[in-house]
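Everything below concerns the one structure shown next.
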Amino acid sequence: MQVTGSLKGRSSRLIRSVNSLVGAAMFVAPLLALLAIWAIVVPLFNVNPRVFPSVGAVGAAALDSIRDGTLFAHVGASLLRVGLGTLIGIATAVPLGIAMGVSPTVAAFLTPLFRFFSVLAGIAWIPIATLWFGYGFGAIVFVIFNAVFFVVAYNTLLGVRTIPHTLRNAAASLGAGRWALLTEVLLPGALPNIVTGIRTGLGFAWRGLIAAEMIATNVGLGYMLFVARDFYRTEVIVFGMIVIGVLWLLIDRLLLVPLERATIERWGMVRRA
Amino acid sequence: MKTLSLRNLGKTYFDPYAGAHVTAVHDVSLDVEPGEFISVVGPSGCGKTTILNMIAGFIPYSKGDILLDGKPVHGPGPERGVVFQSFALFPWKTVLDNVGFGPKMRGVPKAERDRIAREYLALAGLSHAAHRYPNELSGGMQQRVGVVRALANNPDVLLMDEPFASVDAQTRMTLQEELTRIWQERKPTVIFITHDVAEAVFLANRVVVLSKGRVLDEIAVDLPRPRVWDDLVRDDHFKQLSARVLQMVRAA
Ligand SMILES: Nc1ncnc2c1ncn2[C@@H]1O[C@H](COP(=O)(O)OP(=O)(O)O)[C@@H](O)[C@H]1O
Ligand SMILES: [Mg+2]
């Protein structure tokens with residue numbers, strides 16, 4: 001029994017790692033194909049570098065920006081803004097979402113506001129944010145916060161609502177008070193939804209970030225694209241676009257997806273449609 | 001241990017869809033002695049769950065009193081443990097942490113509540129599952145956890161609402177035998193709700209028959225313990241008692 005059990009475990013682990021390799025290959029293949037087409041088409045038609053750069057020019061731009069450190073300055077600035085805006089967003093949205101989840105009155109009162117503001121969430125706030133916070137850090141963090149806040153609060157509300165009422169009763173009849181109910185039942189029960197909300201919200205925030213940085217700052221990935229445009233540096237623009245895409249994929253695949261999996265699958269709380 | 005008394009207990013719901021009041025429990029009086037095992041049977045809709053939820057404090061009652069050692073109870077509390085039909089285990093906690101939840105709420109330090117939880121898990125033959133999550137267990141095992149989680153909190157009264165209704169018939173019989181064994185060892189006061197007459201008789205010292213929100217009749221069960229199905233299915237006295245309860249329920 002023991003032996004077959006562990007053999008089974010090992011072979012299923014093997015199958016899983018083969019599967020994830022195949023998955024990664026299937027993810028990368030179309031990107032490589034695109035790269036190949038780019039490498040062939042640009043020299044073949046002798047494309048004007050002011051319209052679209054060659055692979056080599058983008059590679060050189062990448063090396064330059066790494067060597068002189070500007071890449072890290074831009075990436076660092078962008079990540080700091082996203083990180084801070086997201087943290088503030090989560091810290092304020094989760095308590096509000098829980099309050100809405102436990103109190104139908106609060107939920108009923110706030111739902112119309114949420115409907116309205118979630119349409120506006122993100123870049124529509126950039127102009128007024130720059131009036132409030134000036135051009136720079138504060139305005140951009142506010143835009144990020146805004147993109148994260150509504151999605152996370154709404155998902156927290158959903159998460160609390162999906163907790164079966166018997167679980168709250170069970171906790172109460174085991175002696176849980178209000179605080180324990182919050183920390184032991186409502187928060188962990190809503191966590192899978194909260195993580196999903198964070199993942200969605202960060203997706204909005206990332207797009208909002210690039211837009212805000214084009215308008216409201218002098219450092220960051222969005223700014224890097226915007227300035228390069230003024231000098232017809234298409235190779236810098238394309239390189240920046242690649243960095244923006246790759247960074248997001250890394251954040252999503254290496255941080256958010258594992259987090260989502262850890263909470264949802266571990267507890268068997270997957271709610272398959 | 002404390003005596004539980006229901007005095008002229010009644011519950012009227014307002015059904016917002018029908019726009020009308022529905023009286024689920026009319027007038028129920030019952031005294032439960034410490035260490036007694038009481039089964040409450042009755043056809044579906046006769047108010048069993050409503051009574052249990054009022055004792056548990058999950059819903060307020062409309063009239064009468066619920067007294068624990070003479071003091072009225074309102075709202076849920078750890079002196080009234082509950083075992084749910086849907087198990088209601090915390091999916092994000094291991095079996096060990098589920099069972100240790102009550103002691104944790106009392107402020108028992110981690111090492112001590114783990115010791116308590118392990119002791120109770122051993123009682124239910126679940127020591128090997130301590131570090132698993134509920135969704136990794138069969139329904140029967142989950143409900144064993146549900147039972148010992150309530151017991152580990154040392155309640156004065158254990159309230160069980162059709163706890164074995166959602167497991168298969170074989171497992172149900174095993175769980176019933178285990179419950180009588182655990183009850184004999186620990187002698188908790190139990191109110192066990194069921195619509196299964198044989199189950200009610202098998203487990204209890206006393207069977208209370210409910211009908212349309214009222215106590216119809218009750219019957220003492222003087223079968224010797226330990227009780228096991230292999231013996232009782234052939235036992236004439238068990239058959240007689242079950243037949244009498246069944247008659248009452250069908251007349252209900
Ligand atoms: N929340 C509620 N609102 C309105 N009516 C209810 C509610 N809960 C139960 N009832 C009614 O009360 C009666 C008793 O229900 P219940 O206590 O669940 O019975 P049992 O557990 O014996 O099947 C039923 O007629 C049921 O429809
Ligand atoms: Mg019921």
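The values are calculated or read from the model by the stated rules, or taken from the named source; none is laboratory data. This structure is a prediction, so every number in the text was calculated from the model and none was measured. Every residue, glycine among them, receives a Cβ derived from its backbone with ideal geometry; neighbour counts consider all protein chains shown.
Could you tell me which of the residues A:Gly189, A:Gly208, A:Gly159 is part of a helix (DSSP H, G or I), modelled with pLDDT under 95 and away from chain B (no Cβ under 14 Å)? Steps first, answer last, please.
Numbers: A:Gly189 fails: away from chain B (no Cβ under 14 Å); A:Gly159 fails: away from chain B (no Cβ under 14 Å).
Of A:Gly189, A:Gly208, A:Gly159, the one residue that is part of a helix (DSSP H, G or I), modelled with pLDDT under 95 and away from chain B (no Cβ under 14 Å) is A:Gly208.
Which one of B:Ala111, B:Ala124, B:Ala88 is within 17 Å of the chain's Cα centre (by Cα) and more than 24 Å from B:Glu185 (Cα to Cα)?
So the residue among B:Ala111, B:Ala124, B:Ala88 that is within 17 Å of the chain's Cα centre (by Cα) and more than 24 Å from B:Glu185 (Cα to Cα) is B:Ala88.
Counting only residues that are closer than 21 Å to B:Gln85 by Cα and among the charged types (D, E, K, R), give me the helices (runs of 4 or more DSSP H) lying completely in region B:147-252 with at least 1 of them.
Here the list reads B:169-186, B:197-203.
Any residue that is of a type in the set (Asp, Glu) and surrounded by fewer than 18 Cβ atoms within 10 Å (Cβ to Cβ) - is there at least one of those in region B:182-205?
Let us first name the residues in region B:182-205 that are of a type in the set (Asp, Glu), namely B:185, B:196, B:199.
Imposing the further condition that a residue be surrounded by fewer than 18 Cβ atoms within 10 Å (Cβ to Cβ) reduces the set to B:185, B:196.
Looking through region B:182-205, at least one residue is of a type in the set (Asp, Glu) and surrounded by fewer than 18 Cβ atoms within 10 Å (Cβ to Cβ).
I need the full set of residues from region B:151-166 which are surrounded by 19 or more Cβ atoms within 10 Å (Cβ to Cβ), more than 16 Å from ligand 2 (Cβ to nearest atom) and over 17 Å from B:Asp31 (Cβ atoms), in order please.
Across region B:151-166, the qualifying residues are B:Leu151, B:Ala152, B:Asn153, B:Pro155.
Only one residue in A:Leu71, A:Leu84 is surrounded by 20 or more Cβ atoms within 10 Å (Cβ to Cβ) and part of a helix (DSSP H, G or I), so which one is that? Give the derivation first.
Details: A:Leu84 fails: surrounded by 20 or more Cβ atoms within 10 Å (Cβ to Cβ).
Only one candidate passes the filter, namely A:Leu71.
Across region B:177-195, what is the total count of residues that are modelled with pLDDT of 95 or more, away from chain A (no Cβ under 14 Å) and within 16 Å of ligand 2 (Cβ to nearest atom)?
3
Scanning for something within 16 Å of ligand 2 (Cβ to nearest atom), within 14 Å of chain A (Cβ to nearest Cβ) and among the hydroxyl-bearing types (Ser, Thr, Tyr), does region B:28-40 turn up at least one residue?
So far as region B:28-40 goes, no, none of its residues is within 16 Å of ligand 2 (Cβ to nearest atom), within 14 Å of chain A (Cβ to nearest Cβ) and among the hydroxyl-bearing types (Ser, Thr, Tyr).
Within the group B:Pro16, B:Pro43, which residue is within 14 Å of chain A (Cβ to nearest Cβ), surrounded by fewer than 18 Cβ atoms within 10 Å (Cβ to Cβ) and farther than 26 Å from A:Ala171 by Cβ?
Details: B:Pro43 fails: within 14 Å of chain A (Cβ to nearest Cβ).
Residue meeting the stated conditions: B:Pro16.
Out of (1) within 12 Å of chain A (Cβ to nearest Cβ); (2) on the phi > 0 side of the Ramachandran plot; (3) touching a Ser or Thr at 6+ places or on another chain (Cβ under 7 Å), what's the single condition that is false for B:Phe87?
The number of the failed condition is (3).
Report yes if A:Asn218 is closer than 26 Å to A:Ile123 by Cβ and within 14 Å of chain B (Cβ to nearest Cβ), otherwise no. Write out each step before concluding.
Working: closer than 26 Å to A:Ile123 by Cβ: yes; within 14 Å of chain B (Cβ to nearest Cβ): no.
So A:Asn218 does not fit the description; no.
Determine which member of the set B:Asp31, B:Asp27 is acidic (Asp, Glu) and free of Cβ contacts under 8 Å to residues at least 40 places away in the same chain. Break it down stepwise before answering.
Details: B:Asp27 fails: free of Cβ contacts under 8 Å to residues at least 40 places away in the same chain.
When all the criteria are applied, what remains is B:Asp31.
On the basis of being in contact with a strand residue (DSSP E or B) (Cβ under 9 Å, 6 or more places away or on another chain), within 16 Å of ligand 2 (Cβ to nearest atom), within 23 Å of A:Thr263 (Cα to Cα) and of a type outside the set (Asp, Glu), does B:Ala56 make the cut?
Criteria not met by B:Ala56.
If you go through region B:46-79, how many residues are part of a loop (DSSP other than H, G, I, E, B), more than 16 Å from ligand 1 (Cβ to nearest atom) and more than 8 Å from chain A (Cβ to nearest Cβ)? Before you say what the answer is, go through the steps one by one.
Our first condition is that a residue be part of a loop (DSSP other than H, G, I, E, B); within region B:46-79, this holds for B:46-47, B:57-62, B:69-70, B:73-79.
Narrowing the set further to residues that are more than 16 Å from ligand 1 (Cβ to nearest atom) leaves B:69-70, B:73-79.
Now narrow it down to the ones that are more than 8 Å from chain A (Cβ to nearest Cβ): B:69-70, B:73-74, B:79.
Final tally of qualifying residues: 5.
Name the one entry in A:Ala153, A:Ala176, A:Ala121, A:Ala170 that is within 30 Å of A:Asn218 (Cα to Cα), buried (at least 17 other Cβ atoms within 10 Å of the Cβ) and among the small types (Gly, Ala, Ser). Walk me through it before giving the result.
Details: A:Ala153 fails: within 30 Å of A:Asn218 (Cα to Cα); A:Ala176 fails: within 30 Å of A:Asn218 (Cα to Cα); A:Ala170 fails: within 30 Å of A:Asn218 (Cα to Cα).
The match here is A:Ala121.
Might you let me know whether region B:80-93 holds any residue that is touching a residue at least 40 places away in the same chain (Cβ under 8 Å) and in a helix (DSSP H, G or I)?
Within region B:80-93 (the criterion being touching a residue at least 40 places away in the same chain (Cβ under 8 Å) and in a helix (DSSP H, G or I)), the answer is no, since none of the residues qualifies.
Can you confirm whether B:Arg144 is within 19 Å of B:Thr194 (Cβ to Cβ), part of a helix (DSSP H, G or I) and more than 9 Å from chain A (Cβ to nearest Cβ)? Before you say what the answer is, go through the steps one by one.
Details: within 19 Å of B:Thr194 (Cβ to Cβ): yes; part of a helix (DSSP H, G or I): yes; more than 9 Å from chain A (Cβ to nearest Cβ): yes.
In short, yes.
In region B:153-176, which residue that is in contact with a helix residue (DSSP H, G or I) (Cβ under 9 Å, 6 or more places away or on another chain) and closer than 17 Å to B:Pro76 by Cα is farthest from ligand 1 (Cβ to nearest atom)?
The qualifying residue farthest from ligand 1 (Cβ to nearest atom) is B:Asn154.
Could you please give the count of residues in region B:106-131 that are within 10 Å of another protein chain (Cβ to nearest Cβ) and either basic (Lys, Arg) or crowded, with 20+ Cβ neighbours inside 10 Å (or both)? Don't jump to the end; show me each part of the working.
Kept after step one, since they are within 10 Å of another protein chain (Cβ to nearest Cβ), are these residues of region B:106-131: B:106-107.
Pick out the ones that are also either basic (Lys, Arg) or crowded, with 20+ Cβ neighbours inside 10 Å (or both) and you get B:106.
The qualifying residues number 1.
Are any of the residues in region A:225-235 modelled with pLDDT under 90, among the hydrophobic types (A, V, I, L, M, F, W, C) and farther than 23 Å from A:Ala73 by Cα?
Taking every residue of region A:225-235 in turn, none turns out to be modelled with pLDDT under 90, among the hydrophobic types (A, V, I, L, M, F, W, C) and farther than 23 Å from A:Ala73 by Cα.
Sort through A:Val143, A:Val94, A:Val42 and tell me the only one that's assigned to a helix (DSSP H, G or I) and not assigned by TED's automatic domain parsing to the domain that holds A:Ala228.
Numbers: A:Val143 fails: not assigned by TED's automatic domain parsing to the domain that holds A:Ala228; A:Val94 fails: not assigned by TED's automatic domain parsing to the domain that holds A:Ala228.
Sole residue among the options that is assigned to a helix (DSSP H, G or I) and not assigned by TED's automatic domain parsing to the domain that holds A:Ala228: A:Val42.
Does A:Ile251 satisfy being within 27 Å of A:Gly101 (Cβ to Cβ) and either under 12 Å from the mean Cα position of the chain (by Cα) or within 14 Å of another protein chain (Cβ to nearest Cβ) (or both)?
Values: within 27 Å of A:Gly101 (Cβ to Cβ): no; either under 12 Å from the mean Cα position of the chain (by Cα) or within 14 Å of another protein chain (Cβ to nearest Cβ) (or both): yes.
It is false that A:Ile251 is within 27 Å of A:Gly101 (Cβ to Cβ) and either under 12 Å from the mean Cα position of the chain (by Cα) or within 14 Å of another protein chain (Cβ to nearest Cβ) (or both).
Kindly indicate which of B:Asp27, B:Asp31 is surrounded by 14 or more Cβ atoms within 10 Å (Cβ to Cβ) and charged (D, E, K, R). Step through it out loud before you land on a result.
Numbers: B:Asp31 fails: surrounded by 14 or more Cβ atoms within 10 Å (Cβ to Cβ).
Every option except B:Asp27 fails the conditions.
Name the residue, out of A:Phe204, A:Phe239, A:Phe226, that is surrounded by fewer than 21 Cβ atoms within 10 Å (Cβ to Cβ) and more than 13 Å from the chain's Cα centre (by Cα). Outline the logic, then answer.
Details: A:Phe204 fails: more than 13 Å from the chain's Cα centre (by Cα); A:Phe239 fails: surrounded by fewer than 21 Cβ atoms within 10 Å (Cβ to Cβ).
One residue alone meets the criteria, A:Phe226.
Could you give every pair whose Cβ atoms fall below 7 Å, whose first residue belongs to region B:212-237 and is surrounded by 14 or more Cβ atoms within 10 Å (Cβ to Cβ), and whose second residue is of a type in the set (Lys, Arg) and part of a strand (DSSP E or B), counting only separations of at least 6 or pairs across chains?
B:Glu218/B:Arg206; B:Val221/B:Arg206
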